[in-house]
Amino acid sequence: MIYRLRNAIENKHFLASVLIAVGVFGAVVAFMSPNAYTVALPPAIVIAGFCLFWTSDADLPVLPIGPKPALIFWFIAGSLNILIFVGSDWTRTIFVHYATVLWLITTGIAVFSISIRAIPLIVGWATAHRIMIYYSSWDPLGNDTLFHLHHAGEIVRIGYVGSLSTSKYAYTPLFHVGTAISGIIGNISMESAGFLSIGILAVIIPILVAAHLGKLLWSPKIGAVAGFLVPLGDFTIAWSVRPTPTTLGYLFFVITFGVLLTSFRTQSNVFDKVSLGRVRISKWKVVLLIIMIGMYATHQISTFILVISLGCLMLSYRLFNQNYFIIMGRIFIISGVIMSAWWLVVRYSGPSSSLEFLVVVLVNLITRLIETSTGAVSEPTGEFVLSGARALTVYQSFGLSILLGLASLGGGIWLSSSKSQREGLAISVVGGSLAFFAFAGPLIGINFLIPRRWFVFFYFPASILAAVGLRGLLRVRVPTILSSRVSLGATMRTIMAILVISSMFVGMGWNYMGAMDNPPLDKAPGSDRHITTASEQHLYSFVVSYRSGETSIVADFRAHQLLVRHYRVNALHLRLKNNKILHSGRLLAVDRKYAHSKHAGYYVWSHNTWWRVYGPVSFPRGSKPYDNGDGSLLWAP
């Protein structure tokens with residue numbers, strides 16, 4: 001059975017047929033349930049399947065440019081980008097975005113000319129890119145981020161973690177403690193501490209690990225391209241500029257992935273034991289124990305993602321190495337048992353809650369499966385768009401479709417070659433399982449663990465596979481009518497590679513997550529602006545000074561998040577029931593100009609459920625104690 005399975009996955013034509021079949025199935029799903037993802041992703045998988053039929057084995061091309069010219073081009077483009085950003089009053093205008101793409105292109109030139117030596121340039125570009133996003137807002141970015149940073153600030157204020165003792169983060173304090181320590185050491189605000197420590201590490205470490213694995217398993221060129229692709233993902237960008245426990249969980253995931261694949265590939269003796277006092281224990285158990293303790297103290301969902309990935313690694317190694325399969329089996333079983341036991345101990349809403357986290361997760365899963373199978377939930381209609389994939393357009397997932405297509409092609413090439421086949425299967429299986437939970441899971445009701453949290457984890461193995469896929473794409477020789485084949489020279493193939501990577505970045509770095517500060521691709525209602533402008537900051541500051549105890553302050557979704565989680569104002573979400581604002585007492589509305597656009601978020605009541613939607617907000621008119629032209633505070637009758 002195993003022998004036949006190995007023969008199947010080593011057959012390039014079989015793998016190509018599988019990809020085409022998966023893409024066709026996705027197209028059928030898109031016909032029944034069209035949205036930004038189901039429409040854009042299946043064609044990419046089908047194209048990857050056909051490319052796998054026609055690709056040939058060859059290394060990545062090299063640009064005949066020395067290190068000095070590549071560095072000069074990169075430095076000039078980077079200086080231009082930063083000067084335009086500063087000259088635009090620290091705001092990312094469309095010209096800043098163009099300059100960032102130009103800088104990216106010069107980074108790509110360095111990658112294809114000096115290979116792995118371009119990694120510092122990749123790190124420099126990615127770090128500067130995140131800094132420009134973060135500091136383009138007058139108030140800190142993020143929703144959950146603001147909440148977590150407040151807890152970190154409380155730890156600094158009172159001197160210990162007592163502020164978390166009654167919250168659900170009492171069991172996962174590592175992010176908050178780490179941010180607090182960073183703030184104390186650097187003598188900076190919690191907002192800056194979270195970004196400059198965990199946020200920047202989430203940029204640098206994945207680049208280094210991806211480049212290392214690409215170099216180890218394929219070649220220095222593949223390592224350079226893998227490191228180049230990792231920081232371009234939209235959710236990768238988002239989780240670094242608004243760091244949360246998910247960001248720290250992602251870092252543990254990347255480190256675990258890198259350590260295990262490196263150990264198995266280099267055939268280091270993971271059975272060797274180290275002495276801990278009088279106890280001798282295997283090295284892998286020590287490493288696993290440290291990582292798992294860190295993960296358990298960081299984030300429950302990230303822990304689940306890591307355990308799922310460990311299980312996938314175990315299954316993949318079963319085909320190639322019995323000893324490694326046994327090791328991975330032990331890792332998976334121990335991790336799974338500890339996670340389940342921990343989830344039975346952890347209370348869902350904090351130590352005072354009577355509900356175990358595992359019980360709540362299972363109940364939510366069963367409920368979603370029942371709702372999906374019976375169609376029990378009816379969706380509201382009106383002059384608004386439901387949040388989620390339906391609030392997006394195909395352009396929002398264009399960059400992801402390129403990444404998924406390249407990763408699918410790369411997985412097929414890797415499995416059908418003899419180059420590090422064991423690790424190629426491991427990366428492919430992990431990437432495929434994470435893609436299932438992110439994309440296919442919600443179709444059958446498995447969306448109880450927040451599918452979008454899985455994207456950033458999926459992007460890491462996908463970027464390594466995509467580097468191999470780009471290599472194959474550049475060697476596709478398409479049959480013509482006369483049965484001759486069309487191929488490109490080395491320089492043209494390099495230009496094509498840089499154009500593909502730049503297009504992927506524009507699709508992902510300009511969309512609702514990759515450019516959350518102010519997306520250039522903003523035609524979709526769900527592609528809303530997260531930054532706070534100067535006039536909006538003045539409006540929020542006035543609310544803080546003007547509010548009174550018996551007044552209900554109501555605001556759209558983004559304004560509410562800032563008022564509650566950053567300004568510590570007891571504000572209400574804008575909620576409409578029968579087209580009327582739900583509130584009690586006098587109503588003071590935060591009426592910012594942006595809330596009148598299609599990007600404003602609020603809630604509507606329908607079919608016994610509150611639904612988050614996007615659409616223009618219209619508050620009842622009343623007297624205005626404050627108005628700065630871009631926003632006002634008004635008493636609603």
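Here is how the numbers come out for the structure above:
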quantity: Cα gyration tensor category, rounded, prolate or oblate, for the stretch 158-207 with a/c compared to 1.5; calculated: oblate
quantity: FRET efficiency, Val337 to Ile366 (Cβ-Cβ, R0 30 Å, nearest 0.05); calculated: 0.85
quantity: Protein accessible area in the chain, 1.4 Å probe - carbon and sulfur %; calculated: 64
quantity: Equivalent ellipsoid, the stretch 96-217 (semi-axes from 5 times Cα gyration tensor eigenvalues, Å); calculated: 34, 17, 11
quantity: Per residue accessible area of the chain, 1.4 Å probe, in Å²; calculated: 42
quantity: Gained length - Lys12 relative to Asp627, 0.36 nm times residue gap less alpha-carbon distance; calculated: 214.9 nm
quantity: Cα-derived Rg over Rh, computed across the chain with Rh taken as Kirkwood radius; calculated: 0.97
quantity: Cβ-based charge dipole, the chain, positive-most Cα from Thr246, Ile331, Val613; calculated: Ile331
quantity: Chain lengthening between Ser56 and Lys580 when straightened (0.36 nm per residue, less Cα-Cα); calculated: 182.3 nm
quantity: Assigned charges on the beta-carbon of Lys, Arg, Asp, Glu; the chain dipole about Cα centre (debye); calculated: 1180
quantity: Flagged links, alpha-carbon separation over 18 Å, of Lys580/Lys624; Lys12/Lys215; Lys523/Lys598; calculated: Lys580/Lys624; Lys12/Lys215
quantity: Largest-first principal axis extents, alpha carbons of the stretch 1-143, Å; calculated: 61, 43, 25
quantity: Dipole axis of the chain (+1 Lys, Arg; -1 Asp, Glu on Cβ), positive-most option in Gly410, His566, Ala110; calculated: Gly410
quantity: Kirkwood-based Rg to Rh ratio, the stretch 532-634, C-alpha trace; calculated: 0.94
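The values are calculated or read from the model by the stated rules, or taken from the named source; none is laboratory data. Fair warning: this is a prediction, and the values are worked out from it, not measured in the lab. Cβ sites come from the backbone with ideal geometry, for glycine too, and all protein chains shown count toward neighbours. The protein model used for the area step is the full one, side chains on, heavy atoms only, and it has no ligands, DNA or RNA in it. Shrake-Rupley method; radii C 1.70, N 1.55, O 1.52, S 1.80 Å.
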